[in-house]
Amino acid sequence: MEYLKQAQPQTPAVSQEIRDTVSRVIADIEREGMPAVRRYSQQFDDWNPPSFYLSPQTVAEGAAQVDPQIKQSIDFAIEQVRKFAELQKATLHDLEVETLPGVVLGHKHIPVGRVGSYVPGGRYPLIASAIMTIAVPKVAGVGQVVATTPPMRGTGKVNPAQLYAMQQSGADAIYALGGVQAMAAMAFGLEDAPPLPAVDMIVGAGNAYVAEAKRQLFGVVGIDLLAGPTEICILADESADPSVVAADLLGQAEHGANSPAVLVTTSRSLGLAVIKEAERLLLTWPTAAVAGQAWRELGQVILVASDEEMAEVSDQIASEHLEVQTRNPRWFLSRLRNYGSLFLGHNATVVYGDKGIGTNHVLPTGRAARYTGGLWVGKFLKTVTYQTVSDQGNRLVAPPIANVADAEGMAGHAITARIRLQNRAPASGNQG
């Protein structure tokens, strides 16, 4: 491996100050409820209305401001995300099988009851995030999806296109509430008018404070995953277009100055051309202030000797987004193991996944792709098991199971198995 461009050393993304602040806000809201939510919303967003709830009339008024062409494009993205989620759900089947005579085991998929979707604001009003975190749980069969989104400071207004996307994606209720206070309110419930009931699961991305809040609230509620700064890695050989590669790297780098952008290539000439092209593009790049800092501080270009080494390095990086711009991109599909979402071929690009081609854009970062995938319809389904055992099955399984319990020293467990060897079946049937 040779670095044609190397990233600068970075400090940890989550400081002790962030951890302490988040912990204090969560503890105050759990203890005080609505007064603490109001206090922190006022402090962080200059926003303390009579109610954080956005009425259907308010939502409709906001959505009415959206350009018709933008509405059509949002509707297109919602349709694609729903369609893919429905196809994914169709692959998940309940199971019931007789594993031994008289022993029936099974599993079934039960949707989570109530989900809270955090739709981030900040530098960019992420319209697609509403689609990914609202439409997908609705496809899964979640009974209620509530959405929270930070208002524009001091105004309480929410981006109209975001409102339209939340509405069209199927949000059952929308609240203009952001930050850690929104995460805690969803986890513990909010006595607003109408109330925001405590949810079972929180999904959605946000800044470092929001991500830390999800980490600290996990266990009180379920979460999708812990997402840090967004990442892109591109695998490319000499067949790739340097302008396209550079543009894709900078396009993802505009998320923030802390967004890594990495090229792994078997071609020295391509790697050097991409470095040169990125600097040229930054002269007129519309978000150069952010993307340029990210590229200069966190951009990397790594030269390797072969496709095999390119795949090995990629799996070590375990990037959130992974593009493959090579002569034979399908070769990598069977060899790559660690990535959040994969984009194969010169026409496939992160922006398609980010903005609504159908795959979800809530993905693992910080090398978490080594052990988890991203958000999908299955995340909102609990796979639970069950069993039934007949008298015949009981005679087969009770002795060895009791012996295992004995070996563990758990005599009570052994008794509950052996007691069933006595003829205690109810007269109406023999199912346990």
request  = Report the FRET efficiency, 1/(1 + (r/R0)^6), for Leu87 and Val384, where r is their Cβ-Cβ distance and R0 is 30 Å, rounded to 0.05.
outcome  = 0.85
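Determine the shape class of region 1-95: with a ≥ b ≥ c the square roots of the Cα gyration tensor eigenvalues, call it rounded for a/c under 1.5, and otherwise prolate if a/b is greater than b/c, oblate otherwise. Intermediate results must be reported in sequence, preceding the final value.
On the way: a/c = 1.64, a/b = 1.06, b/c = 1.55.
It comes out oblate by the Cα gyration axes.
When a/c reaches 1.5 or more, the comparison of a/b and b/c decides; with that in mind, is region 235-377 rounded, prolate or oblate per its Cα gyration tensor? Present the calculation step by step, with values, prior to reporting the outcome.
Working: a/c = 1.58, a/b = 1.12, b/c = 1.41.
It is oblate, given that a/c is not under 1.5 and a/b is not larger than b/c.
Would you calculate a helix-derived [θ] at 222 nm for the chain, using -39,500 (n - 2.57) for each DSSP H run of n ≥ 4 and dividing by the full residue count, to the nearest 500? Don't skip to the answer; put the middle values down first.
On the way: 17 runs with 184 residues, N = 432.
So the calculated ellipticity at 222 nm is -13000 deg cm²/dmol.
Would you please give the FRET efficiency between Gln43 and Ile110, computed as 1/(1 + (r/R0)^6) with r the Cβ-Cβ distance and R0 = 35 Å, to the nearest 0.05? Let's see the in-between values first.
Values: r = 39 Å, r/R0 = 1.13.
According to the calculation, E is roughly 0.35.
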key: Choice from Pro120, Pro195, Pro399 showing the highest fluctuation, given a GNM over the chain with Cα pairs closer than 10 Å   = Pro399
inquiry  = Report the number of Lys pairs in the chain whose alpha-carbons are under 19 Å apart, with separation of 8 or more residues or on distinct chains.
reply    = 18
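Full-extension gain between Ser73 and Tyr352, please, as 0.36 nm times their residue separation minus the C-alpha to C-alpha distance.
Residue separation times 0.36 nm, minus the Cα-Cα distance, leaves 99.2 nm.
What is the extension gain from Glu61 to Val313, computed as 0.36 nm multiplied by their sequence separation minus the C-alpha to C-alpha distance, in nm to one decimal?
Working: separation 252, 0.36 × 252 = 90.72 nm, distance 5.03 nm.
Extra length from Glu61 to Val313 when fully extended: 85.7 nm.
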key: In nm, spacing of pseudo-spin labels at Thr99 and Gln422 (7 Å Cα→C-beta vector)   = 2.7 nm
inquiry  = Taking 0.36 nm per residue of sequence separation and subtracting the Cα-Cα distance, how much length would be gained by fully extending the chain between Arg24 and Leu272, in nm to one decimal?
reply    = 84.5 nm
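Quote the Stokes-Einstein diffusion coefficient, in whole µm² s⁻¹, for region 98-204, based on the Kirkwood radius over alpha carbon pairs, a temperature of 10 °C and a viscosity of 1.306 mPa s. Can you show the working numbers first?
Values: Rh = 14.7 Å.
Answer from the Stokes-Einstein relation: 108 µm²/s.
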note = Taking GluC sites (Glu not before Pro) as exposed when in a DSSP loop with at most 14 other Cβ atoms inside 10 Å, the chain has its longest clean stretch at 239-432
request  = Please check which bits of region 292-320 a label hung off Leu283 would reach, taking the label as a point 7 Å along Cα-to-C-beta and the cut-off as backbone N under 17 Å.
outcome  = 292
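What FRET efficiency comes out for Glu17 versus Thr155 if R0 is 30 angstrom and r is the Cβ-Cβ distance? Round to the nearest 0.05.
Details: r = 28 Å, r/R0 = 0.93.
Efficiency computed from Cβ-Cβ geometry: 0.60.
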inquiry  = Counting other beta carbons within 10 Å of each residue's own, what order do His346, His107 fall into, fewest first?
reply    = His107, His346
query = Where does the longest stretch of the chain lie that holds no trypsin sites (Lys or Arg not before Pro) found in a DSSP loop with 12 or fewer other Cβ atoms within 10 Å?
reply = 124-326
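Is the C-alpha gyration tensor of the chain telling us rounded, prolate or oblate? Criteria: a/c under 1.5 is rounded; beyond that, a/b larger than b/c is prolate, otherwise oblate.
Values: a/c = 2.02, a/b = 1.32, b/c = 1.54.
Taking the square roots of the gyration eigenvalues as a ≥ b ≥ c, the chain is oblate.
All of the numbers you see were taken from the coordinates with simple rules; none came from a lab. Everything quoted here is computed from the prediction, not taken from an experiment. With ideal geometry, Cβ positions are generated from the backbone for all residues, glycine too; neighbour counts draw on all protein chains shown.
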